[in-house]
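Chemist: Dropping the structure in here first, questions after.
The values are calculated or read from the model by the stated rules, or taken from the named source; none is laboratory data. For clarity, every value in this text was computed on a predicted model and none was experimentally measured. Please note: Cβ atoms are built from the backbone with ideal geometry, for glycine as well, and neighbour counts cover all protein chains shown. Note: accessible area is taken over every heavy atom of the protein model, side chains too, but ligands, DNA and RNA are not part of it. Shrake-Rupley method; radii C 1.70, N 1.55, O 1.52, S 1.80 Å.
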Amino acid sequence: MIIRPRNIRTGDMIGVIAPGSPTTLNNVNMAKKHLEELGFRVKMGDSCYSQNGYLAGEDKLRAKDVNNMFLNDNVKGIICLRGGYGTTRILDLINYQWVKNHPKVFVGYSDITALHIAFNQLCNLVTYHGPMAGVDMLDGMDEFTKKSFLSCIGTKSNINIGNPPGTAMKCMCSGTAKGKLTGGNLSLIVSTLGTPYEIDTKGKILFIEEVGERPYVIDRSLTQLKNAGKLRDAEGIVLGDFKDCVPLEDEVSQSLKEVFYDIIEPFNKPTIYNLKAGHCIPMVTLPLGLDTYLDADKCQLIVDNN
């Protein structure tokens, strides 16, 4: 049974955690300030102020922050500070029963994909692929990103996912599909394969985004998903933003579009691309784990949030 977290309201307490990489104290303070300006009370986790090399503190500390924020009933929602690297290291330290028993809005993207997949599959909890406190909220969100974010975490009506004005989604393979929306960052999706947290795409709509990888790396990751049966199992595919995924200067390379058509198009699943979700601004917030209707011909993506 799908667990929909309670809507977030103005005045609610939001917990901020850093389950992956650290950031500067100035960024932490600015993230807190802008969440307060959105009308929330804010509780910063210990991981936000910790550092262990490229990690925001020891694994046990970061996992403890996740567990305690879910266990704390005064905290009505959790927003990640940033991504980076580290969430896969704490997956076996999370108390998934606590998460299931204390469901709440959980927001992030990039490295946070590993937690989205774990919470969706092990707890049946709906989570939100959306802006992070120490990245996208530092200088205040643009109006489109803010509206998409606040409407997603604050409504129980159907959500018609759309791009910012002037930016069109495009159809790769026609048709319609229904299924729970799953996925996130391509590198993190691939990192779950062969583990107890392996992404399950059977009967689902698979969303993929990436940042800063050359086309051959995208090719390799998509090929791994193909060989693992994940593209075959999916009912439909949504390709989000692929920021800075270009070849090196003077490098002989396929284009990203050629990679997509070589690997994804032969499956003939309803597929759209150029959804502005991922490492981009403006950014669409996506509810993961909810039943979703994809009409590739009309480039429509409708999430059933009733």
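Chemist: Report the equivalent ellipsoid semi-axes for the stretch 1-49 in whole Å, largest first, defined as the square roots of five times the eigenvalues of the gyration tensor built from alpha carbon atoms.
Modeler: On the way: eigenvalues 99, 51, 10 Å².
They are 22, 16, 7 Å, listed from largest to smallest.
Chemist: Something else now. DSSP loop chymotrypsin sites (Phe, Trp or Tyr not before Pro) in the stretch 1-74 with at most 11 other Cβ atoms within 10 Å of their Cβ, which ones?
Modeler: Working: sites: 40, 49, 54, 70; in loops: 40, 54.
Sites meeting the loop and neighbour criteria: 54.
Chemist: Can you tell me the accessible area per residue over the stretch 1-74, all protein chains present, probe 1.4 angstrom, in square angstrom?
Modeler: Working: 3670 Å² over 74 residues.
Accessible area per residue, the stretch 1-74: 50 Å².
Chemist: Expressed as a whole number of Å, what is the distance separating the alpha-carbon centroids of the stretch 92-134 and the stretch 253-302?
Modeler: Comparing the Cα centres of the stretch 253-302 and the stretch 92-134, I get a distance of 22 Å.
Chemist: Inverting the mean 1/r over all pairs of different Cα atoms, compute the Kirkwood radius of the stretch 23-66 and quote it in Å.
Modeler: On the way: mean 1/r = 0.0896 Å⁻¹.
Answer for the stretch 23-66: a Kirkwood hydrodynamic radius of 11.2 Å.
Chemist: Residue 142 accessible area, nearest 10 Å², 1.4 Å probe?
Modeler: Roll a 1.4 Å probe over it and residue 142 shows about 50 Å².
Chemist: Please report, in whole Å, how far the alpha carbons of the chain spread along each principal axis, starting with the longest.
Modeler: Each principal axis gives a Cα extent; for the chain these are 48, 43, 38 Å.
Chemist: Next question, about the same structure. If you project the alpha carbons of the stretch 1-132 onto the principal axes, what extent comes out on each, in Å, largest first?
Modeler: For the stretch 1-132, the Cα spread along each principal axis is 40, 33, 22 Å.
Chemist: Still on this structure, please answer the following. What percentages, rounded to whole numbers, describe P(r) for the stretch 89-174 computed over all alpha carbon pairs with 10 Å bin width beginning at zero?
Modeler: Once binned at 10 Å, the Cα pair distances of the stretch 89-174 give 14, 39, 34, 13, 1.
Chemist: If the elastic network links every pair of Cα atoms under 10 Å, which of 258, 58, 235 fluctuates the most in the Gaussian network model of the chain?
Modeler: Comparing 258, 58, 235 in the GNM, the peak value goes to 258.
Chemist: Hey, rough spin-label estimate for residue 143 and residue 51, points 7 angstrom out along Cα→Cβ, what's it come to in nanometres?
Modeler: In this crude label model, residue 143 to residue 51 measures out at 3.8 nm.
Chemist: Over the stretch 206-280, average the accessible area per residue using a 1.4 Å probe and give it in Å², no decimals.
Modeler: On the way: 3430 Å² over 75 residues.
Here the residues of the stretch 206-280 average 46 Å² of exposed surface.
Chemist: Here's another thing I want to ask about it. If we sort 63-69, 203-209 on the protection proxy, mean other Cβ atoms within 10 Å, highest first, what's the order? Walk me through the numbers before you get to the answer.
Modeler: Values: 63-69: 21.7, 203-209: 24.0.
Sorting 63-69, 203-209 by mean packing, highest first, produces 203-209, 63-69.
Chemist: Still on this structure: Taking only Cα atoms and a 10 Å spring cutoff, compute GNM fluctuations for the chain and point out the largest among 275, 35, 125.
Modeler: 35
Chemist: Express in Å², to the nearest 10, the accessible area of residue 50 obtained by rolling a 1.4 Å probe over the protein heavy atoms while all chains stay in place.
Modeler: Its accessible surface works out to 30 Å², give or take rounding.
Chemist: Could I ask something else about it? Compute the convex hull volume of the Cα atoms of the stretch 42-91, divide it by the residue count, and report the result per residue in Å³ as a whole number. Write out the running numbers ahead of the final one.
Modeler: On the way: hull volume 3.7 nm³, N = 50.
Dividing the Cα hull volume of the stretch 42-91 by its residues yields 74 Å³.
Chemist: Something else now. When all protein chains stay in place, what accessible area (Å², nearest 10, 1.4 Å probe) is found for residue 176?
Modeler: 80
Chemist: Write down Rg/Rh for the stretch 169-306, rounded to two decimals, with Rg from the C-alpha atoms and Rh from the Kirkwood relation over Cα pairs.
Modeler: Details: Rg = 14.2 Å, Rh = 15.0 Å.
Across the stretch 169-306, the Cα-based Rg/Rh ratio is 0.95.
Chemist: Taking the chain as a Gaussian network, where each spring joins two C-alpha atoms under 10 Å apart, which residue of 278, 212, 162 fluctuates the most?
Modeler: For the chain, modelled as a Gaussian network with Cα springs under 10 Å, the answer is 212.
Chemist: Mind checking which lysines have their C-alpha under 18 Å from residue 243, skipping anything on the same chain fewer than 8 residues away?
Modeler: Candidates past the 8-residue exclusion: 170, 257, 276.
Chemist: Enumerate the calculated ³J(HN,Hα) couplings along the stretch 9-25 in order (Karplus 6.51 cos²θ - 1.76 cosθ + 1.60, θ = phi - 60°), each rounded to whole Hz, writing x wherever the residue is Gly or Pro.
Modeler: My calculation for the stretch 9-25 gives 10, 4, x, 5, 8, 10, x, 10, 10, 10, x, x, 8, x, 9, 7, 4 Hz in order.
Chemist: Now for a separate question. Expressed as a whole percentage, what fraction of the accessible surface of the stretch 1-112 belongs to carbon and sulfur atoms when a 1.4 Å probe is rolled over the protein heavy atoms?
Modeler: Working: 2330 of 4910 Å².
With neighbouring chains kept in place, the figure for the stretch 1-112 is 47 percent.
Chemist: Which value in deg cm²/dmol, rounded to the nearest 500, describes the helix-derived mean residue ellipticity at 222 nm for the chain, given -39,500 (n - 2.57) per DSSP H run of n ≥ 4 and division by the residue count?
Modeler: Numbers: 9 runs with 85 residues, N = 306.
Computed ellipticity for the chain at 222 nm equals -8000 deg cm²/dmol.
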